[in-house]
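Since the structure comes first, as structure tokens, the remarks are kept for the end.
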Amino acid sequence: MKRYKQYERIMKMELEQSVVKTSEYQSFSERYPHIAESIRLERKIERLTNLLKSEKHKGAEFKIKREITVTKSKLKKNNLHKRLHGESKHEAVFRRKFKRSASKLRYSLLAKKFRTILGRPIRKAQKKLSRSMYSNLPPSLFNLRELTVAEKGLALREWLQEKRSELR
């Protein structure tokens, strides 16, 4: 658990921050050196792609693309080392746990946002919404089998006229 907490802190750091200088990265890299190196390389690739998007000069773009390809090749080599040393299994566990916690956080924030928008718990709002939806439907739609096609059309027209008069 201690190592996962370090992994989580490293992954939540901003791209502009230097990961290598932090104490979490140092202690994490002592236990899992290849995972730490892959994190560093992935962040470098992300940083370079963001830089590439904003770059306008073609010569600088070419240099950045070349650096990205070199970094990707280093990352592939590092992935091979991770598999050789058995760290890929640990990384898979870390990633799954991190994605799960991030999705839980996102879901809770979304639920909180809906609660504040609606002003009440979500289930009550859903019930009220479904009731209002069914009350706005014409009654003839609930018993379609009983009416003929002509009666359905007539009932629908009458219902529309009633709703229009209610809205005015």
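Just so you know, all these numbers are worked out from the coordinates, no wet-lab data involved. Since the structure is predicted, the reported quantities are computational estimates derived from the model, not experimental observations. Heads up, the Cβs are rebuilt from the backbone with ideal geometry, glycines too, and the neighbour counts pull from every protein chain shown.
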Fewest-first ranking of Glu146, Glu24, using other Cβ atoms within 10 Å as the exposure measure: Glu146, Glu24
Label-point separation in nm, Ser103 to Gln26, each point 7 Å along Cα→Cβ: 3.6
Which of Phe62, Phe28 has the fewest Cβ neighbours within 10 Å, and the rest in rising order: Phe62, Phe28
Nitroxide proxy distance, nm - points 7 Å out along Cα→Cβ at His57 and Lys163: 6.3
Cross-link table Lys21/Lys44; Lys12/Lys77; Lys74/Lys99, entries beyond 19 Å C-alpha to C-alpha: Lys12/Lys77; Lys74/Lys99
